[in-house]
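Visitor: I have a structure here, written as structure tokens, and I will follow up with some questions on it.
The values are calculated or read from the model by the stated rules, or taken from the named source; none is laboratory data. Since the structure is predicted, the reported quantities are computational estimates derived from the model, not experimental observations. In this analysis, Cβ positions are derived from the backbone assuming ideal geometry, glycine residues included, and neighbour counts consider all displayed protein chains. Calculation scope for accessible area: heavy atoms of the full protein, side chains included, ligands and nucleic acids excluded. Shrake-Rupley method; radii C 1.70, N 1.55, O 1.52, S 1.80 Å.
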Amino acid sequence: MIARTALLWPLLAATLFAQTADKPGLSIRFRALAFDEAIPGASYLEGETLRRLSIPNNAFTAEITYKGAHTLRFITIDEETLNPRPLSPDMTAAIQRLRRAQAVTLQASDEFAQITRLLNTLNLQTSERARKPSPGDQAQLDALNERLKELSGILTSASKETEEANLLILRLESAPKEPLKAPKKKGGKAPRPTSTPTAEYTFQNDGKYLLLFSSGGNGHQILALDDTEGTFPYGSLQFINLTGKDVELRYPERKVTLRVNARTVVKNPTSDHQYALAEIHTKADDGYDLGHVYRSLQQPNLRSLVFLLPIPDEPHAIRSKTIEDRRPAEAAGAK
């Protein structure tokens, strides 16, 4: 038993080492939106090809199909002088929180994939031998399966932490800022303040996504929202709470609680082509106060991404920013 167990560990080490670079390519479809300023000069890397992409702040881009590495990188090529805005302590902390969550996700997902491949190999070898594994081998298989359970929990927690950090960055980005003063060039003309959407996002799975770009210093962060069919359907609204407080969405026959830095998808409780009113209440010391009334027209081929934002010096009042997305004509016709 000891000899067989000793032979298993070299196989484990050799398999993990050989498979660290054996990562399958990614195949996704995505659409992008800039949360604050539009990004007209963005590009992304697909293999060794640099593909141009302008990212608006009032609509999603057309759907793009990407096949390549799991880490999708966006860059700009800009001849102008860059004038990054200094980061606030809160923004610095939020970005550090995001980076930690991303690092945990990457490390855990790599280990999960490697152990899964190894278990598949060991199980195949066991079935080929047509007999049960020895007690020592079974103990190692049980240990590997237990580690997979631990990694699943780590990935779930890291995914939640990543989304909350990204939404916190969006909220901080929405706060009022002092005007940025660009240094003057010799000769009298000041360069236009510019920013770069240099950013990257590592996808764990193939799929369909909405990418939200938010700026922070001399770069951008990306929040990837799952856009699998049925997750954010046409005819619905997705509210993202960036007010810094818990809120309640109150329809005549329905109430939805939305905590700070969270999001939810809601279908209007009304018939198609009818208006609905939602009272949005913000949490106060002694309950909830009315902060905003959101009026929306229910349309089966239209969905809306609704950012709930604070109003400076108004502790309970909020405002909304809506991005409407109409179903493509060919898809609407086929429905």
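Visitor: Mind listing whichever residues of segment 229-243 are open to solvent by 40 Å² or more (accessible area, probe 1.4 Å) and either of a type in the set (Val, Ile, Thr) or more than 18 Å from the chain's Cα centre (by Cα) (or both)?
Guide: THR231, TYR234
Visitor: State which residue is modelled with the highest pLDDT when the search covers only segment 46-56 and only residues that are open to solvent by less than 60 Å² (accessible area, probe 1.4 Å) and either touching a helix residue (DSSP H, G or I) at 6+ places or on another chain (Cβ under 6 Å) or hydrophobic (A, V, I, L, M, F, W, C) (or both).
Guide: ILE55
Visitor: Would you mention how many residues in segment 122-157 are touching a helix residue (DSSP H, G or I) at 6+ places or on another chain (Cβ under 6 Å) and either without any contact (Cβ under 8 Å) to a residue 24 or more places away in the chain or among the polar types (S, T, N, Q) (or both)?
Guide: Number of matching residues: 3.
Visitor: With the structure loaded, tell me whether THR15 is surrounded by 15 or more Cβ atoms within 10 Å (Cβ to Cβ), over 20 Å from the mean Cα position of the chain (by Cα), modelled with pLDDT under 85 and hydroxyl-bearing (Ser, Thr, Tyr) or whether it fails that test.
Guide: When the stated conditions are applied, THR15 passes them.
Visitor: Here's another thing I want to ask about it. Cβ-Cβ under 7 Å, sequence separation 6+ or interchain: first residue in segment 203-214 and on the phi < 0 side of the Ramachandran plot, partner outside any strand (DSSP E or B) and among the hydroxyl-bearing types (Ser, Thr, Tyr). Which pairs?
Guide: GLN204/SER109; LYS208/THR228
Visitor: Just one of (1) among the small types (Gly, Ala, Ser); (2) surrounded by fewer than 16 Cβ atoms within 10 Å (Cβ to Cβ); (3) modelled with pLDDT of 70 or more; (4) over 16 Å from the mean Cα position of the chain (by Cα) trips up ALA103, so point out which.
Guide: Of everything listed in (1) among the small types (Gly, Ala, Ser); (2) surrounded by fewer than 16 Cβ atoms within 10 Å (Cβ to Cβ); (3) modelled with pLDDT of 70 or more; (4) over 16 Å from the mean Cα position of the chain (by Cα), ALA103 misses just condition (4).
Visitor: Then there's this: So LEU148 passes all but one of these: (1) out of contact with any Lys or Arg (no Cβ under 8 Å at 6 or more places or on another chain); (2) at pLDDT below 80; (3) part of a helix (DSSP H, G or I); (4) over 27 Å from HIS220 (Cα atoms). Which condition number does it fail?
Guide: So LEU148 meets the others, but not (2).
Visitor: Here are the criteria: (1) under 19 Å from LEU308 (Cα atoms); (2) modelled with pLDDT under 90; (3) open to solvent by 10 Å² or more (accessible area, probe 1.4 Å). Tell me which single one ASP246 does not satisfy.
Guide: (2)
Visitor: If you don't mind, another one. Could you pull out the residue among ALA276, ALA262, ALA284 that is under 21 Å from the mean Cα position of the chain (by Cα) and open to solvent by less than 40 Å² (accessible area, probe 1.4 Å)?
Guide: Within the list ALA276, ALA262, ALA284, the selection yields ALA262.
Visitor: May I pose another question? Report, by residue number, each residue of segment 305-319 that is closer than 18 Å to ALA276 by Cα and surrounded by fewer than 19 Cβ atoms within 10 Å (Cβ to Cβ).
Guide: Answer for segment 305-319, where residues must be closer than 18 Å to ALA276 by Cα and surrounded by fewer than 19 Cβ atoms within 10 Å (Cβ to Cβ): just ARG319.
Visitor: Which residue is modelled with the lowest pLDDT, if the candidates are limited to segment 129-145 and must be open to solvent by less than 30 Å² (accessible area, probe 1.4 Å) and hydrophobic (A, V, I, L, M, F, W, C)?
Guide: LEU141
Visitor: Now for a different question. With respect to HIS292, is the statement that it is within 27 Å of the chain's Cα centre (by Cα) and of a type outside the set (A, V, I, L, M) true?
Guide: yes
Visitor: From the list SER159, SER88, exactly one residue is open to solvent by 40 Å² or more (accessible area, probe 1.4 Å), within 21 Å of ALA262 (Cα to Cα) and among the hydroxyl-bearing types (Ser, Thr, Tyr). Which is it?
Guide: SER159
Visitor: What are the residues in segment 198-209 that are outside any strand (DSSP E or B), closer than 21 Å to ILE95 by Cα and open to solvent by 40 Å² or more (accessible area, probe 1.4 Å), if any?
Guide: THR198, GLN204
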